[in-house]
Every structure is written in C-alpha cells, then in structure tokens.
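Take a look at the structure set out below.
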Amino acid sequence: MNKPIRKAVLPVAGLGTRFLPATKAVPKEMLTVVDRPALQHVVEEAREAGIEHFVFVTGRNKSVIEDHFDMAYELEDTLKRRGKEKEFAALMADLPKAGATSFTRQQAPLGLGHAVWCARDIVGDEPFAVLLPDMITMGSKTRQSRCLAQCVAAYERHGGNIIAVEEVPWEETHQYGIVSVGRDYGDTFEITGMVEKPPKGTAPSNLYITGRYILLPEIFAILDKGETGAGGEIQLTDGMIKLMAQAPFHGVRFDGRTYDCGMKLGFLTANVAFALARPDIAPPLREELKRLLGTN
Ligand code: UTP
C-alpha cells in the first residue's frame with residue numbers, strides 16, 4: 001500500500017517581481033482573490049485533499065503569512081463582543097489546528113528546487129505534496145474537486161511521483177515546464193520526460209506543469225547537490241528529471257482550471273472566476289460586468 005500523503009510544502013519565498021509594486025511590502029501570496037488571500041485558497045485545496053500538516057517555506061518580509069494562519073486574539077475578542085458570530089465562526093473554521101503548520105526560511109530565493117529542499121527536515125522520509133501558492137485551481141463543474149485531490153487520487157492508483165498538467169496553446173509552450181506522454185490512461189498517463197521552457201517548436205507536448213506535485217522523499221538527496229539550471233536557479237524540474245531515473249512519474253490531466261496569480265491577467269481572471277462561482281456575489285457582479293463590457 002502507498003504511504004498516505006500527510007504533508008504539503010508551500011514555497012512562498014519568491015520576490016514576486018512580476019507583480020511590483022503590489023508586492024513591494026505585501027507578499028504576492030497574500031493578494032486577495034475575492035475575499036481571502038490566494039494562499040488561503042491553496043491551503044483549503046490542500047486540506048480538501050487530506051493534508052494534515054502545512055510546511056511554509058518563507059523568506060524576508062513574509063511574516064504576515066505566519067500571522068494569517070495564527071489566532072488574532074484582539075480581533076477575535078472584538079468580533080465576539082460585537083456579536084459578529086458569523087465572522088468569528090468563519091475565522092475559527094479557517095484556522096489550522098495547533099501544531100499543523102511549520103515555517104522555515106529559504107534565506108535567499110535560489111529557486112523552487114532550493115525552496116522545496118529547505119523543507120527536507122520537516123517533511124522527513126515520506127512522500128509529500130508541493131503546491132505553488134500563486135497558482136490557484138478550481139475543479140470543473142462535473143468533478144468539482146480541486147487539483148491536489150485529483151493528484152492524490154492518481155497517487156493512490158499509481159504510487160510514485162505525480163505531476164498535475166494542463167493544456168496550453170502550442171505557441172506558448174516555450175514559457176512553461178512541459179512533459180512527454182508515455183502510456184496513456186486518459187485522465188492520467190506515464191511521464192517519460194520533462195523539459196523546462198523548451199525552445200519554440202520543440203515541445204514534446206502541449207501539457208504544462210501547473211504547480212501541484214506529489215513527490216517521493218528521494219528528491220531531497222538529489223536537490224542536496226545544489227546543482228543550478230535555467231536562470232542560475234536550483235530548478236525543481238531538473239531534480240525531478242533526475243528522480244525519473246529511479247522512480248516512476250505519472251501526469252494528471254487536471255479536470256478544472258488553474259489560474260496563475262503571479263501574473264496580472266491570471267490574477268484578475270481568477271478574481272472574476274471565483275466571484276462568479278459565489279452565489280452571494282455572482283448575480284450583481286454579472287450585471288456589473290455586462291455594464292463594463294457595454295452589453296447592457
Ligand atoms: P515564481 O518564479 O512564480 O515566483 O515561483 P517569484 O520568483 O516570486 O515570481 P517573479 O517571477 O519574481 O514574479 C513560483 C513559486 O515558488 C516560490 C514563489 O514564492 C512562488 O510561490 N519560490 C520561487 C520560492 O519560494 N523560492 C524561490 O527561490 C523561487
């Protein structure tokens with residue numbers, strides 16, 4: 001039987017340069033999608049997939065993330081005294097269990113592979129999930145479950161390492177990590193290769209790595225070597241390519257949509273999509289959008 005996936009690593013130490021000046025003093029993972037930080041959407045996704053322990057790899061100027069996942073005594077007390085029971089209950093429901101979070105610092109943003117490696121002692125010798133917190137996912141209408149839950153289902157079926165993918169237009173493949181497809185099962189498939197940002201016209205498929213992974217702990221010994229790749233960074237993809245020689249990788253065609261909140265367009269689209277999925281906001285928002293687009 002496959003070991004259960006109990007821990008998730010959330011690397012939040014990046015600089016968010018594509019989102020300046022918003023990210024000058026506020027971590028990009030704390031920018032709000034509708035009414036909660038992007039990072040909270042991701043933690044909710046992880047919880048839904050059965051994750052029990054959240055390992056945040058943080059950096060300088062990110063202490064607000066720690067505060068967000070802690071009690072806020074004065075606020076909670078004020079809410080109670082003012083009879084704001086609903087708001088208080090919502091805050092309590094979101095609060096991770098005591099001891100269910102760990103925070104470690106990356107010290108310098110040396111790349112995603114390095115950020116994941118920083119979590120090695122907290123993760124220990126068990127398979128674990130990685131969620132890129134600037135990517136937020138919404139399950140399709142039929143499937144509903146978000147991306148990590150679909151990855152865990154694939155892990156239960158195949159074991160080994162799992163990577164979530166989604167289609168991109170062929171002409172955009174050079175901007176992403178792309179996988180090669182081996183034996184195909186439809187919603188899942190064997191991964192036979194990976195390439196980070198392939199030159200135009202050379203991508204082996206149009207399936208890009210979206211930012212949800214289940215990895216075996218053997219990845220840490222590989223990342224331990226600190227080898228740098230594209231952009232002089234320690235790349236997670238390079239580590240995974242090496243791990244492919246030791247252990248199988250399967251891809252999950254995510255049944256839903258991933259929004260890249262590290263980019264302005266993805267962030268704005270996510271806000272509209274998540275608001276339209278909320279029955280309390282969707283009807284008036286639809287009217288506003290029609291007005292803005294001049295179709296009313
Ligand atoms: P990105 O490359 O999208 O994030 O990394 P970034 O570096 O913050 O963004 P830009 O390019 O400067 O705008 C994906 C995720 O990995 C984390 C980031 O915080 C982000 O959530 N990351 C990246 C780290 O934790 N450490 C790193 O060294 C690099």
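We did not get these values from a lab; they are worked out from the coordinates using the rules stated. For clarity, every value in this text was computed on a predicted model and none was experimentally measured. When we count neighbours, we look across all protein chains shown, and the Cβ atoms used for this are built from the backbone with ideal geometry, even at glycine.
Modelled label-to-label distance, SER63 and ARG18, 7 Å Cα→beta-carbon offset: nm?
For SER63 paired with ARG18, the spin-label model returns 3.0 nm.
For the chain, what is the relative contact order in percent, using Cα pairs closer than 8 Å and at least 6 residues apart in sequence? Intermediate results must be reported in sequence, preceding the final value.
Numbers: 524 pairs, mean separation 65.1, N = 296.
Taking the mean separation of contacting Cα pairs over the length of the chain, I get 22 percent.
At each listed q (0.10, 0.20 Å⁻¹), what is the log10 of I(q)/I(0) that the Debye formula gives for the stretch 96-191 modelled as equal alpha-carbon point scatterers?
Normalising to I(0) and taking log10 leaves -0.38, -1.36.
At a Cα cut-off below 28 Å, give the lysines reachable from LYS62, other chains included and same-chain residues fewer than 8 away excluded.
Within reach: LYS7, LYS24, LYS28, LYS97, LYS225, LYS264.
Taking every pair of alpha-carbon atoms in the chain, what share in percent sits in each 5 Å bin, from 0 to the bin with the longest distance?
1, 5, 11, 15, 18, 18, 14, 8, 5, 3, 1, 0, 0
Each residue of the stretch 263-276 in order: what ³J(HN,Hα) in whole Hz does its phi give by Karplus 6.51 cos²θ - 1.76 cosθ + 1.60, θ = phi - 60°, with x for Gly and Pro?
Coupling constants for the stretch 263-276: 10, 4, 5, x, 5, 5, 5, 4, 4, 5, 5, 5, 5, 5 Hz.
Suppose every K and R has +1 on its Cβ and every D and E has -1 on its Cβ; what is the size of the dipole of the stretch 149-296 about the Cα centre, in Debye to the nearest 20?
Working: 14 positive and 19 negative charges, 71 e Å.
Its charge dipole is roughly 340 debye.
Let me know the charge dipole size of the chain about its Cα centre in debye, to the nearest 20, where only the beta-carbon of Lys, Arg (+1) and Asp, Glu (-1) is charged. Could the numbers behind the result be given before it?
Numbers: 35 positive and 38 negative charges, 102 e Å.
With only Lys, Arg, Asp and Glu charged at Cβ, the dipole is about 480 debye.
Which one, PRO127, PRO279, LEU215, is farthest towards the positive end of the dipole of the chain when Lys and Arg carry +1 and Asp and Glu -1 on their Cβ?
PRO279
In µm²/s, what is D for the stretch 134-258 at 10 °C and 1.306 mPa s, where D = kT/(6 pi eta Rh) by Stokes-Einstein and Rh is the Kirkwood radius from Cα pairs? Don't jump to the answer; show the numbers that get you there.
On the way: Rh = 14.8 Å.
For these conditions, the coefficient is 107 µm²/s.
Looking only at the chain, where both bridge partners belong to it, what percent of the DSSP beta bridges are antiparallel (to the nearest 5)?
Working: 26 of 43 bridges.
If we restrict to bridges inside the chain, about 60 percent are antiparallel.
What do you get for trypsin sites (Lys or Arg not before Pro) in the stretch 1-106 restricted to DSSP loop and a cutoff of at most 16 other Cβ within 10 Å of the site's Cβ? All intermediate terms of the calculation are to be shown ahead of the outcome.
Values: sites: ARG6, LYS7, ARG18, LYS24, LYS28, ARG47, ARG60, LYS62, LYS80, ARG81, ARG82, LYS84, LYS86, LYS97, ARG105; in loops: ARG6, LYS24, ARG60, LYS62, ARG82, LYS84, LYS97.
Listed in order of number, the matching sites are ARG6, LYS24, ARG60, ARG82, LYS84, LYS97.
Kirkwood hydrodynamic radius, computed over distinct alpha-carbon pairs, for the stretch 1-159: how many Å, to one decimal?
Values: mean 1/r = 0.0593 Å⁻¹.
Mean inverse Cα-Cα distance, inverted, gives 16.9 Å.
Could you give the distance between the Cα centres of the stretch 1-66 and the stretch 75-114, to the whole Å?
Comparing the Cα centres of the stretch 1-66 and the stretch 75-114, I get a distance of 11 Å.
Pick out, in residue order, every one of the GluC sites (Glu not before Pro) in the stretch 8-103 that is DSSP loop and has at most 15 other C-beta atoms within 10 Å; say none if there are none. Write down the numbers at each step before the final one.
Numbers: sites: GLU29, GLU44, GLU45, GLU48, GLU52, GLU66, GLU74, GLU76, GLU85, GLU87; in loops: GLU52.
Passing sites in the stretch 8-103 are GLU52.
Only bridges whose two residues both fall in the stretch 1-109 count here: according to DSSP, what percent of them are antiparallel, nearest 5? Before the final figure, lay out each step's value.
Details: 2 of 12 bridges.
The antiparallel fraction comes to roughly 15 percent.
Just to verify a number: FRET efficiency for ARG36 and TRP170, C-beta to C-beta distance, R0 = 25 Å, to 0.05?
Values: r = 35 Å, r/R0 = 1.39.
For ARG36 and TRP170, the calculated efficiency is 0.10.
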